[in-house]
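All of the numbers you see were taken from the coordinates with simple rules; none came from a lab. Predicted model only: the values in this text are computed from it and were never measured. A quick note on method: Cβ atoms are made from the backbone with ideal geometry, for glycine too, and the neighbour counts reach across all protein chains shown.
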Amino acid sequence: THKGIAIAIDGPAAAGKSTVARKIADKLNYIYIDTGAMYRALTLKALNNDIDPNNEDELYQLLLDTTIKLTQAEQTQRVLLDDTDVTEAIRNEEVTNNVSTVAKHRLIREEMVERQRQFVQENNIVMDGRDIGTHVIPDADVKVFLIASVEERAQRRYIENKQKGFNPDLEKLKQEIAERDRFDTEREVSPLVKAEDAVELDTTSLSIDEVVEEILKIVERKGGI
Ligand code: CDP
Ligand code: CDP
């Protein structure tokens, strides 16, 4: 049901999905869509409006009244929430700790998926998330499921936060990641699971460039896109 070429990248938190997806999109000159950023933007708006992340109906009304735009300039992607740049704000700890609750609701997911599918209609894309290969684009041309040990993923976030000038707590990061994975895997509506026809790639001991190369090989094997 899509006109362009679609590459779906799913997997648990901090597996490297967005870093790798962005690089692949750059190399192939495709559009990169970060679906996690969409759930994060809605979460930020809900928190700012004192809406309970468990209140599905209020969140849904809020979402219908919300525009989320993903814009691309060279090397950088910006996230615009009702035309305000929230690229950095959506990564904060409060959003991170509430996003999986917001993302568990059926009404929210249906509306987000509809918006995500519109990108697929019009463009060649690389899309990353949790349910891209299983639900958003079940007929994607290439499906990759990225994994890495929870220790390695926490370590990656630790280094990332240090570089941003924060003072991260490795144990806390590990717990946060493990808990979000559990929540995303156990939810009722399109949980995090590897699509049957996805290629699983364990990146625990791979560099970013090695992962990018592996995925480009998969893309080539699938028909030299
Ligand atoms: O980058 P990180 O792994 O921290 O997460 P993200 O991709 O920004 O996604 C944040 C959260 O949004 C996930 O933990 C999921 O709860 C939710 N999400 C989802 O449910 N479905 C997607 N397609 C993408 C994200
Ligand atoms: O999007 P997702 O949450 O899956 O992960 P990410 O935000 O792209 O990557 C998490 C961190 O791991 C980033 O700081 C990457 O630079 C790093 N990374 C890495 O060190 N080695 C890899 N093979 C992949 C990512």
(request) Looking for whichever is in contact with a Pro (Cβ under 8 Å, 6 or more places away or on another chain) and either more than 15 Å from ligand 1 (Cβ to nearest atom) or more than 21 Å from Ile9 (Cβ to Cβ) (or both) here; the options are Val142, Val102, Val95, Val86. Which one fits? (result) Val102
(request) Report whether or not Ala73 is over 20 Å from Asp184 (Cβ atoms) and hydrophobic (A, V, I, L, M, F, W, C). (result) yes
(message) Looking only at residues that are crowded, with 23+ Cβ neighbours inside 10 Å and more than 13 Å from ligand 1 (Cβ to nearest atom) in segment 1-23, which one is nearest to the chain's Cα centre (by Cα)?
(response) Ile7
(message) Can you find a residue that is in contact with a helix residue (DSSP H, G or I) (Cβ under 7 Å, 6 or more places away or on another chain) and crowded, with 22+ Cβ neighbours inside 10 Å anywhere in segment 88-96?
(response) yes
(message) Cβ-Cβ under 6 Å, sequence separation 6+ or interchain: first residue in segment 53-75 and under 17 Å from Ala103 (Cα atoms), partner surrounded by fewer than 13 Cβ atoms within 10 Å (Cβ to Cβ). Which pairs?
(response) Thr67/Asp82
(request) Would you check if Phe183 is in contact with a Gly (Cβ under 8 Å, 6 or more places away or on another chain) and in contact (Cβ under 8 Å) with a residue 40 or more places away in the chain? (result) no
(message) Under 8 Å between Cβ atoms, which residue pairs at least 6 apart in sequence (or on different chains) link something in segment 190-206 that is closer than 23 Å to Glu110 by Cβ with a partner that is among the charged types (D, E, K, R) and in a loop (DSSP other than H, G, I, E, B)?
(response) Ser190/Arg130; Ser190/Asp131; Pro191/Arg130; Pro191/Asp131; Leu192/Arg130; Leu192/Asp131
(request) Look at Lys162 and say whether it is out of contact with any helix residue (DSSP H, G or I) (no Cβ under 7 Å at 6 or more places or on another chain) and either hydroxyl-bearing (Ser, Thr, Tyr) or free of Cβ contacts under 8 Å to residues at least 40 places away in the same chain (or both). (result) yes
(request) Name the residue, out of Val120, Val126, that is closer than 21 Å to Gln77 by Cβ, away from ligand 1 (no atom under 12 Å from the Cβ), assigned to a helix (DSSP H, G or I) and of a type outside the set (S, T, N, Q). (result) Val120
(request) Determine whether segment 37-52 contains at least one residue that is surrounded by fewer than 13 Cβ atoms within 10 Å (Cβ to Cβ), in contact (Cβ under 8 Å) with a residue 24 or more places away in the chain and farther than 13 Å from Val102 by Cα. (result) no
(message) Between Ala195, Ala178, Ala148, which is touching a Lys or Arg at 6+ places or on another chain (Cβ under 6 Å) and closer than 30 Å to Pro53 by Cα?
(response) Ala195
